[in-house]
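Reviewing the structure listed below.
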Amino acid sequence: MRTSRQDIIHFIGKLTAAKVINILLITASFWWSRLWRKPVIWGKPVSLAVEPTTACNLRCPECPSGLRSFTRPTGQIDSQLFTRIIDEQAPTLSYLLLYFQGEPFLHKDFLSLVSYAHQKGIYTATSTNAHYFDDETAKATVLSGLDRLIISIDGTTQEVYEQYRLGGRLDKVLDGARKLVYWRQQLNQSKPYLIFQFLVVRPNEHQTDAVRKLAREIGIDKVAFKTAQLYDFEEGHELMPANPAYARYRLTPAGKYELKNKLYNHCWKMWHNPVITWDGTVVPCCFDKDAHHPMGNVSENGFAAIWRGAAYHDFRKRLLTGRQQIDICKNCTEGTRVWV
């Protein structure tokens, strides 16, 4: 097992003077904008999420990919488009998440994308349901240079796991996790940092201790408990956990549920962490799952023009003066993952 300290060292090891200066510029512009309620941008994205594909093999009930409910088309990112994005961002980009919606390992050249970003000196991460790790893929994943791999595991028994991960097989997830640990050891590699992510819902909340134990037995480095985003939560929801510590919502005196956190008129994500969908559309953040707020398309314009363009400026201005009026913000909670 690897410690979080080693993961931090891997991240710091990829920082350069240009990246540190960019972090300082973006942080300063965020706080200046928050103070004066006027959006300014003095740097480039610190982190970036790029969507390999919207396709998914599972049918999870609160996920647009699983529900097949997207109004935007399903597809996978073109490798040439990806390299263009990375070439433009690499000098100042500190963190790349190769994930948005869908299952990344369904992209036919996914590990080639990872390797390209790794070769450009970018810390890379992804999230997977871990149904595609045969020995060859597990070995290739370790050799790709991937820094962090989040494995979704929402139950420690098949009966519980499949209540949310519809169509999934827990034995495949666990076998894949073991293969990743095995090849990391065999190849004497310190990466990827392996995380079990446990989405806490009513059917599985009694297994939080069990998943910690399972992670230790397999050799997984970390367990993260994540609260579930529910689309119709006001009247309560069958997936809402009984333990309030794992719920994003609280019961009001009126008998309705509401977000626990207050929606302040600022959002750090809008200054440092854009999302690019598989077809090149730039959206403001990971809560815009169906790309209802396109800022532009990198296939048509360079990212720099979009990042400082009118659409982004207007969106930032709206959230600085009335975030509660933006639809994707109404079910947003930052800091909803509990690291243990």
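The values are calculated or read from the model by the stated rules, or taken from the named source; none is laboratory data. Keep in mind it's a predicted model, so treat the numbers as computed, not measured. Cβ placement follows ideal geometry from the backbone for every residue including glycine, while neighbour counts extend to all protein chains displayed. SASA here: full protein model, heavy atoms, side chains in, ligands and nucleic acids out. Shrake-Rupley method; radii C 1.70, N 1.55, O 1.52, S 1.80 Å.
Assorted remarks:
- Options Pro73, Pro64; residue that is surrounded by fewer than 14 Cβ atoms within 10 Å (Cβ to Cβ) and touching a residue at least 40 places away in the same chain (Cβ under 8 Å): Pro73
- Residue in region 237-256 that is open to solvent by 10 Å² or more (accessible area, probe 1.4 Å), of a type in the set (Val, Ile, Thr) and assigned to a loop (DSSP other than H, G, I, E, B) present: yes
- The single condition among (1) open to solvent by less than 30 Å² (accessible area, probe 1.4 Å); (2) of a type in the set (Asp, Glu); (3) without any contact (Cβ under 8 Å) to a residue 24 or more places away in the chain that Glu217 does not meet is (1).
- Any hit, region 311-323, residues being buried (at least 21 other Cβ atoms within 10 Å of the Cβ), at pLDDT below 95 and farther than 18 Å from Ala49 by Cα: yes
- Considering residues of region 107-123 that are open to solvent by less than 60 Å² (accessible area, probe 1.4 Å), part of a loop (DSSP other than H, G, I, E, B) and free of Cβ contacts under 8 Å to residues at least 60 places away in the same chain only, the residue farthest from Cys56 (Cα to Cα): Asp109
- When region 182-199 is filtered for residues that are crowded, with 17+ Cβ neighbours inside 10 Å and either within 21 Å of Arg5 (Cβ to Cβ) or at pLDDT below 95 (or both), the ones remaining, listed by number, are Arg184, Lys191, Pro192, Tyr193, Leu194, Ile195, Phe196, Gln197, Leu199.
- Conditions (1) touching a residue at least 60 places away in the same chain (Cβ under 8 Å); (2) polar (S, T, N, Q); (3) within 17 Å of Glu103 (Cβ to Cβ); (4) touching a helix residue (DSSP H, G or I) at 6+ places or on another chain (Cβ under 7 Å); number of the one not met by Gln197: (4)
- Enumeration of residues in region 78-106 that are free of Cβ contacts under 8 Å to residues at least 40 places away in the same chain and over 22 Å from Ile12 (Cβ atoms): Asp78, Ser79, Gln80, Phe82, Thr83, Asp87, Phe105
- Within region 260-281, residues that are of a type in the set (A, V, I, L, M, F, W, C) sit with their Cβ atoms under 6 Å from residues that are surrounded by fewer than 17 Cβ atoms within 10 Å (Cβ to Cβ), at 6+ positions apart or across chains, in these pairs: Leu263/Gln324; Trp278/Gly75.
- Just one of (1) open to solvent by less than 20 Å² (accessible area, probe 1.4 Å); (2) of a type in the set (S, T, N, Q); (3) touching a helix residue (DSSP H, G or I) at 6+ places or on another chain (Cβ under 9 Å) fails for Thr277. It is (3).
- Output for region 7-33, where each listed residue is of a type in the set (D, E, K, R), outside any loop (DSSP other than H, G, I, E, B) and either more than 22 Å from the chain's Cα centre (by Cα) or at pLDDT 95 or above (or both): Lys19
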